[in-house]
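The structure under discussion appears below in the form of structure tokens.
Read-outs throughout are calculated quantities, based only on the coordinates presented, and are distinct from any laboratory measurement. Everything numeric here is computed off the predicted structure, so don't read it as measured data. Reconstructed Cβ throughout: ideal geometry from the backbone, glycine too, with neighbour counts over all protein chains shown.
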Amino acid sequence: MQNEQKISTVHWLGGERFLSGLKRVNCFCGGYGSGKTEVAINFAIHLAVAGNHVRVADLDVVNAYFRSREVRTELQEYGIDVLIPGENLINTDLPIIQPEIKGAVEHPDGLVVLDLGGDPAGARATASFAEAIPADDYSGFFVLNSRRPFADTPKQVEKLMAEIGRAAGLDVTGIVVNSHLINETAPDTIEEGIRLAETVSRETDVGIAFVVVERRLLKEFDAVGCRYPVMVLDRHLLKPWESADKLGKDKFKL
């Protein structure tokens, strides 16, 4: 690593294991419903709270739901630089990659978090500047939710990982276990995801980077005894049909 990075022990358990391999550029990809954007947002916030300079880029140009651009105001309050299309393009799916995003990837200072598209088609936007991403200072995280269709068997997961990696022009370097059923998630749900990820890891030689556990489950899930680093997750995204009622239409000035 070119810079000394910091990590918050409040938001991580076993985080020192993860810190030893933390890279400057961190890409998050995954299939529909994997929760990759929520994971990317939490990842960025945790790093910012620990005192790091963080930039977030939203590259999801296909899926209209659950985008980090929808919470950009909150991210900015944490001191995070948010790189998104102009205001007139916020709700479009145009594959536009701004020079600022490529510049952030090439800049040697701070940490970069990239939220890639949720399928091979969405990941293609990244291929336009994949060569600018430093091969020795980036991590490509595949977010796995074993409770989603087409991601509940090792073969399905391996196929999706390979397809997204090829489309983005990047290698997947680590698996993030994010198995959940939103409000119905139980400790068994997480353990199931870990078992699936371990099988995929053995067959692909891609290691498990960390496990995601929602904060409300910390007392039920044995996070301290988990054999992998645990990132504590707080929900920042609401479903589209919840946003207007719970946040107000002017909350994020879309």
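Checking a compactness column here: for the range 117-210, what do you get for Rg(Cα) / (2.2 N^0.38 Å), N being the number of residues?
Rg over 2.2 N^0.38 Å, computed on Cα atoms: 1.10.
With the cut-off at 1.5 for a/c, could you classify the range 185-237 from its C-alpha gyration tensor as rounded, prolate or oblate?
prolate
Under a 5 Å amide H to amide H cut-off, with H placed in plane at 1.01 Å, what residues pair with I208 once short-range neighbours are removed?
I175
Show the residues, 5+ positions off or on another chain, whose built amide H is closer than 5 Å to the amide H of L233.
When sequence neighbours closer than 5 places are left aside, the close amide H contacts are V213, E214, R215.
Using θ = phi - 60° and the Karplus form 6.51 cos²θ - 1.76 cosθ + 1.60, what ³J(HN,Hα) does each residue of the range 193-209 get, whole Hz, x for Gly and Pro?
Once rounded to whole Hz, the list reads x, 4, 4, 5, 4, 5, 5, 4, 4, 5, 7, 10, 6, 9, x, 7, 6.
For the range 12-237, report the % of Cα-Cα distances exceeding 24 Å.
38 percent
Counting residues in the range 113-170 as N, plug N into 2.2 N^0.38 Å and put the Cα Rg over that result.
My calculation over the Cα atoms of the range 113-170 gives 1.16.
7 Å from Cα along Cα→Cβ at both K155 and D109: what's the point-to-point distance in nm?
Distance between the two pseudo-spin positions: 5.1 nm.
When the Karplus curve 6.51 cos²θ - 1.76 cosθ + 1.60 is applied with θ = phi - 60°, which whole-Hz ³J(HN,Hα) does each residue of the range 19-26 get, with x for Gly and Pro?
4, 4, x, 5, 9, 6, 9, 10
What is the fewest-to-most order of V212, V176 by other Cβ atoms lying within 10 Å of their Cβ?
V212, V176
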